[in-house]
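To keep things clear, I will list the structure first and then write my remarks on it.
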Amino acid sequence: VGIDDNFFDIGGDSFKAIRAVRQIGTTVSVMQLFQHPTIRELAAFLADDETSHPSDLLYELTPPIPAAQRQFTVVCIPYGGGSALAYHPLAQAMPENVSLFAVEMPGHDFSQATEAKLTLRELAARCAEEIEATVSGPMLLYGHCVGSALAVEIGRLLEAKQRAPLGIVLGGNFPSPRLRQLEFFHTYLPLERLTSSRMIYEAMRGVGGFTDVLDPAEQKFVINNMRYDVRQASDYYTETSRTQPAKLATPICCVVAEEDPATEFYQERTADWLTYSTEVSLQRIPKAGHYFLKHQANELAELIAAQAEGWLGSGQKENAAQPITHPPQSSSFNIFLLVAFGQLISMIGTGLTTFTLGIWALEQTNALVNFTIISIFALLPGILVSPLAGAAADRGDRRRVMIGSDVLAACG
């Protein structure tokens, strides 16, 4: 390794950077290593006694571009427990005339673990101030997973400052407010705290996360940050769903991966973003999982560029985002309880009827074969229909499927 070799060009990534700065000590952060990626630059940075370690949140991950040549700028917010360097693959995939900044949230750098975390609203206020002071020209926001909540709040603050972004692109997430009726349980039995770290780790591994986090201390640090970020996003969605603030004039584009279990039922749930913006659209990335910002960085970069060109008024109509016009259904927990209780009574009644009818046949005929035949015919329809039921529920209106099934059960 030469003194002028770039750490990231010779195979370095965010996790190798964490291990490198841990060897150096607490005098340098991961993002400062990214800003000074050669031995010569980093040595000069560390040797400067007057060097102030800035507390800025925005870091430019693409090479600097003159304002006259820059088409637009993307400001990215990390997912739960993530860092700004998570967007390094996306920055490399962006067109040459596009700048990409990422937010490094305080307390999320393992090399600076003692740094105090900020609440979502505090973080949004600081990000909005830095964006207003640092980013010039057309700009859009991108938030991934629980980072979507922070992106929406930053967009709201920028609109108030008359510095509205072109749009907000939100990946792999939908609003998730808590139910009023369950607030008591959340207060005294918070799910994100009671869920074991092992369960969180296995769940994230299942969707493609933690592939490079090998150190147990680092795993614990990231998981604790995930708990914090999830709680902040959930609190934000819960509060805004109840206060119903004015909708954003800034359009929202929801990006989902077709193989991502976190965005299951996106055909319906995308409409939930209409609670936050007057204009919502949907884009899909085929054959992708939850962390498509890393594994499908080229596809995401093309999608963001096309979306930005459309918002600028110069985009092509090909592969345009699907507009979402139907508002979300007004939810009522009482209606849900009524339906759930009705289904419970129906299933109990079906089970009792089947059992009682078999006993009645046995008593009337004293033939065990009749009891067996009735039991078989009670189970056989479910066995035969089960392979098709899932496909029907996935492809059709699940409400009509449920009603139709109940009607056929009642006729039977």
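In the full protein context, the stretch 210-300 carries 44 Å² of accessible surface per residue, based on a 1.4 Å probe and ignoring ligands, DNA and RNA. Across the chain, Cα-Cα pairs farther apart than 37 Å form 35% of the total.
In Å, what Kirkwood hydrodynamic radius results for the stretch 111-234 from the alpha-carbon pair distances?
Values: mean 1/r = 0.0605 Å⁻¹.
Kirkwood radius, the stretch 111-234: 16.5 Å.
Once the Cα-Cα distance is subtracted from the 0.36 nm per residue extended length, the residue 1 to residue 215 segment shows a gain of 74.6 nm.
Annotation: peptides 77-90, 139-152, ranked by per-residue average of other Cβ atoms within 10 Å with the highest first, follow the order 139-152, 77-90.
With R₀ set to 25 Å, the beta-carbon distance separating residue 121 from residue 278 gives a calculated FRET efficiency near 0.65. Ignoring aspartates and glutamates fewer than eight residues from residue 117 along the same chain, the ones with Cα atoms less than 15 angstrom from its Cα are 56, 104, 109, 229.
Straight-line cross-link partners of residue 247 among the lysines, defined as a Cα under 18 Å from its Cα and at least 8 positions apart when in the same chain: 161. Split the accessible area of the chain by element, probe 1.4 Å, and carbon with sulfur accounts for 58%.
Which percent, to the nearest 5, of DSSP beta bridges fully inside the chain are antiparallel? Let's see the in-between values first.
Numbers: 6 of 31 bridges.
Just about 20 percent of them are antiparallel.
Counted over all Cα-Cα pairs of the stretch 1-127, pairs farther apart than 18 Å make up 56 percent.
What does the accessible area per residue of the stretch 338-394 come to in Å², with a 1.4 Å probe and no ligands, DNA or RNA counted?
Numbers: 4320 Å² over 57 residues.
That works out to 76 Å² for each residue.
For the stretch 327-388, a/c is not less than 1.5, where a ≥ b ≥ c are the root eigenvalues of the C-alpha gyration tensor, and a/b does not top b/c. That puts it in the oblate class. In terms of its C-alpha gyration tensor, the stretch 158-206 has an oblate overall shape, because the principal axis ratio a/c (a ≥ b ≥ c, square roots of the eigenvalues) is not below 1.5 and a/b does not outweigh b/c. A simple spin-label model places pseudo-atoms 7 Å from Cα toward Cβ; at residue 46 and residue 97 they are separated by 4.1 nm.
Just the number, please: percent antiparallel of the DSSP beta bridges in the stretch 1-127, rounded to the nearest 5. Please list the in-between numbers first.
Numbers: 3 of 8 bridges.
About 40 percent, rounded to the nearest 5.
A dipole drawn for the chain from +1 and -1 charges on Cβ atoms has a positive end, and of 165, 267, 349 the residue lying farthest that way is 349.
The modelled label-to-label distance for the pair residue 392/residue 355, using points 7 Å beyond Cα in the direction of Cβ, is 2.7 nm. Average 1/r across all pairs of distinct alpha carbons in the stretch 61-154, invert it, and you get the Kirkwood radius: 13.8 Å. For the stretch 94-202, the solvent-accessible area of protein heavy atoms averages 45 Å² per residue (probe radius 1.4 Å; ligands and nucleic acids excluded).
The values are calculated or read from the model by the stated rules, or taken from the named source; none is laboratory data. Predicted, not measured: the structure shown is a model, and the values here were computed from it. We place every Cβ from the backbone using ideal geometry, glycine too, and count neighbours over all the protein chains shown. When the accessible area is computed, the model is the full protein with side chains, heavy atoms only, and any ligands, DNA or RNA have been set aside. Shrake-Rupley method; radii C 1.70, N 1.55, O 1.52, S 1.80 Å.
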